[in-house]
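Here's the structure, in C-alpha cells; my notes come after.
The values are calculated or read from the model by the stated rules, or taken from the named source; none is laboratory data. Remember, it's a predicted structure, so these values are computed and weren't measured experimentally. Ideal geometry is used to build each Cβ from the backbone, glycine not excepted, and the neighbour counts take in all protein chains shown. What goes into the accessible areas is simple: the full protein's heavy atoms, side chains included, and nothing from ligands, DNA or RNA. Shrake-Rupley method; radii C 1.70, N 1.55, O 1.52, S 1.80 Å.
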Amino acid sequence: MKLSLEYLIREPKVTLEKNPVIVLLHGYGSNEADLFSFATELPENYYIISARAPYDMQYNSYAWYAINFDADQNKFSDNEQAKTSRDAILNFIDELIANYPIDKDNVVLAGFSQGAILSYAIALSHPERISKVIALSGYINDEIFSENYKNNDFSKLKIFHSHGTVDQVIPIDWARKSTPFLKQLNIDATYKEYPVGHGVSPQNFYDFKNWLLS
C-alpha cells in the first residue's frame, strides 16, 4: 500500500478487531530496514511498521532532518526540518489507522537516536495520539515541540528511555537531562543505562520488550 512515507510492515500473528501498532523510527543516516530487524522478536499481537525518513542522503541512507557542522565542528540540528518530519510522522500514523485495522488508542513509537528525539517531540506535542514511547539513545530537544505542549494531558503517556554510558555520538549527559524534564511534567517514565556506545545492547532490547509487555 502506498502511503506518504516508505515503510516495511510485519502483520500481527494474532489478529484482533483492532491491533496495537509499534512505529519504528530509525536514526540519522540509516533506513527502515535497520530497526525492522527487531520485528520478529517483538510481541505478536502488534503491527510492526518501520518508516523511512524523507531526506535522502544517498547510498540507502536517510535522515529525518539535517545535522550541520560549523567551523569548530559544533553540531546544529535543523529544527525546522525536524518539525516538518514530526508532522509528517503524525500524518503517516493517521494514514496507517485509515488503511489498517489499528487501535488508535494503542500507538507506540520506538525510535533510535534521531528517531528517539522525534518520538519525544511527537508524544509530548500530541500525547492524546501516542500511548507509549521507547526512546533509545536520544535526548529531549524541546525546541521541536509544539508551542503550548506544557498544557497537554500526559496522564496516559508512558515512556521507556535508555542510553549507552559510553555513547560517542550523543553524550550521556544529554540523555540524563531527560529524567528531570519528564518528571517535571509528571510523565510516567522508566530510564536505564547500559555500558555500551551508540547502539542497542541485547539487555536493553530485553528490558524495553518486558516493559512493553507489562
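Between L213 and E6, the distance separating the two model label sites (each 7 Å from Cα on the Cα→Cβ line) works out to 3.4 nm.
The charge dipole of the stretch 74-201, taken about its Cα centre with unit charges on the Cβ atoms of Lys, Arg (+1), Asp and Glu (-1) only, comes to about 360 debye. Rolling a 1.4 Å probe over the protein heavy atoms leaves D188 with an accessible area of roughly 80 Å². The listed peptides 113-121, 162-170, 7-15, ordered by packing as a protection proxy, come out as 113-121, 162-170, 7-15 (highest mean of other Cβ atoms within 10 Å first). Ordering S119, S214, P54 by the projection of their Cα atoms onto the charge dipole of the chain, which places +1 on the Cβ of Lys and Arg and -1 on the Cβ of Asp and Glu, puts S214 at the extreme positive end.
Full extension of the segment from S155 to N45, taken as 0.36 nm per residue of separation minus the current Cα-Cα distance, would add 37.2 nm. Computed from label points 7 Å out along Cα-Cβ, the spacing between D142 and K177 is 1.0 nm.
Here is the link list: K83/K183; K104/K192; K75/K132; K13/K192; K18/K192; K158/K192. Which ones come out longer than 26 Å on Cα distance? With Cα atoms farther than 26 Å apart: K104/K192; K75/K132; K13/K192; K18/K192. Each residue was assigned an accessible area with a 1.4 Å probe, and for L3 the value is about 20 Å². The label point for F76 and the one for T15, both projected 7 Å from the Cα toward the Cβ, are 5.2 nm apart.
Close amide H pairs (under 5 Å, H built 1.01 Å from N) link Y55 with A63, residues at least 5 positions away or on another chain. Which far-off residues, 5 or more places away or on another chain, put their amide H under 5 Å from the one on S30, with H placed in the peptide plane? Here the answer is Y62, since their amide H atoms fall under 5 Å of that of S30.
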